[in-house]
Amino acid sequence: MRYYFHIQIDGDLILDDEGIEFGDDELAREAAIKSAAELTREYPRPDRRGNPHLISVSDEMKRELFVVPINMN
């Protein structure tokens, strides 16, 4: 199945139009957690307006499956 990793940083939403193939939801969740950990180093805190940094993962039907916070400290 194809999963789409949309990133919200500093109040901006970056949509993933290509997606990535994974065998199941758990593999996609693990990839999102790994990506969030990597992005945490670049974006350690929410922006000044308090907007959270996160990765929203959706499936081929555009259903949001889960959200992973980027700033996990």
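Quickly run through segment 1-27 and pick out the residues that are in contact with a Phe, Trp or Tyr (Cβ under 7 Å, 6 or more places away or on another chain) and not in a loop (DSSP other than H, G, I, E, B). Selection gives Y3, I9, I20. The set of residues in segment 8-29 being surrounded by 13 or more Cβ atoms within 10 Å (Cβ to Cβ) and modelled with pLDDT of 95 or more consists of D16, G19, I20, F22, D25, L27, A28, R29.
Identify the residue in segment 30-58 that is in a loop (DSSP other than H, G, I, E, B) and surrounded by 16 or more Cβ atoms within 10 Å (Cβ to Cβ) and, among all such residues, is modelled with the highest pLDDT. The qualifying residue modelled with the highest pLDDT is H53.
The values are calculated or read from the model by the stated rules, or taken from the named source; none is laboratory data. The structure presented is a predicted model; accordingly, all values stated were derived computationally and were not measured. Positions of Cβ are generated from backbone atoms using ideal geometry, with glycine treated the same way; all protein chains shown enter the neighbour counts.
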